[in-house]
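One structure below.
Just so it is clear, none of the values below were taken in a lab; they were calculated from the coordinates. Since this is a predicted model, take the numbers as computed values, not measurements. All Cβ positions, even for glycine, are placed from backbone atoms using ideal geometry, and neighbour counts span all protein chains on display.
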Amino acid sequence: QVRLVESGGGSVQTGGSLRLSCAASLRGFDTYEAGWFRQSPGTEREFVAGIAGSRIAGSGATTSYADFVEGRFTISRDNAKNTVYLQMNSLIPEDTAVYYCAADRTYTRLTIPTTQSGYDYWGQGTQVTVSS
């Protein structure tokens, strides 16, 4: 059974930092693209960041970020631990949301997906709350 389990969410004040983790039970995880999305009440789930798997890493950009990240967030992965991370710095109240991890491996694709439809596997989410 494929599982993605997020952790690391919590409550911080404006300007604070959090590091989210996503542990995946996917065989050959290093070949999967992985991404982080977020959703706040009343809004659609939106792309935050994505990272290439080893299969496409040599074909172009290895990471992708939403414009609103503005250099504050960094996505990374440790394939030996089957884990993807999202380091979030300079957090602001607008970053408050449930953050979801996603993963996908599509052999005909050579880019990092930035839409929900680009990912087959999802975690349950972890809440991030930023207070002013």
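Things worth noting here:
- Contact order relative to length of the chain, as percent, for alpha carbon pairs under 8 angstrom and 6 or more apart: 36
- Euclidean distance between Cα centres, the range 16-33 to the range 97-132, Å: 10
- Extension gain, residue 131 to residue 87, is 14.0 nm, computed as 0.36 nm per intervening residue step minus the present C-alpha separation.
- In a simple Cβ point-charge model (Lys, Arg +1; Asp, Glu -1; nothing else charged), the chain has a dipole of about 420 debye relative to its Cα centre.
- Within the range 45-82, backbone nitrogen closer than 11 Å to the virtual label 7 Å beyond the Cα of residue 94 toward Cβ: 67-70
- DSSP beta bridges in the chain [antiparallel fraction, %, rounded to 5]: 90
- Virtual paramagnetic centre 7 Å along Cα→Cβ of residue 70, amide N under 20 Å, in the range 7-47: 12-19, 37-40, 46-47
- Cα principal axis extents for the chain, largest first, Å: 43, 30, 28
- Cβ-based net charge around residue 21, under 14 Å, with every Lys or Arg adding one and every Asp or Glu removing one: +2
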